[in-house]
Amino acid sequence: MFPIEEGETVLWSGRPQRCHRRFRDYYWWVVLAVLVVGGSFVIAVLDVLKVALYPWGIVIALVAGFAVERPKERRELLAVTTYFVTDRRLVFAAHGGSGSEFRWVPLAALGAARVHDLGDGLGTIDFSPTWWEWVKDQEYRPRPAWHPMLPELVAVRDAAQVADLIARNAARPSYVG
């Protein structure tokens, strides 16, 4: 099964060239640091070490687990992902050990493309997500890798040209059903 429909033209395809680190993928480490510093302060001021030691250890272990797991899942997802820009849609294909899975978004449904230059000929393209869309994406990100997600093309070559290609074709009418 291949997600490109009859009559649809593939204009560009590519893969993430590397895993780009950014704050929103690692914010659990910030949460962990705040919890450790804040909790240590509360334990020291209130002198509740004996009462809070075990529950506090459990909380720290859970947050540390989330902090380690999210970036790992993201790296695994990027390793098996291929992007396709067609004349109608942006297609995400993941070919992993559990099989192949496809997601797509009509180009007309995407927001304005923003290019984030990574400085080595690579760039990440996102589509101007709102704060609420980003929060929902973070909620779903640790679940199955292809749960509803924000569309973005991570660490692709010639990102500005790809974003321009998407913008030009988004203005054209789409006939995808």
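Bear in mind these aren't lab numbers, they're just calculated from the coordinates by the rules spelled out. Owing to the predicted nature of the structure, the values given are computational and were not obtained by experimental measurement.
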Response to the item:
Scaled by the rule-of-thumb 2.2 N^0.38 Å, the alpha carbon Rg for region 24-74 gives a ratio of 1.28
Worksheet, complete the sentence: From the Cα centre of region 96-128 to that of region 27-95, the distance in Å is 23
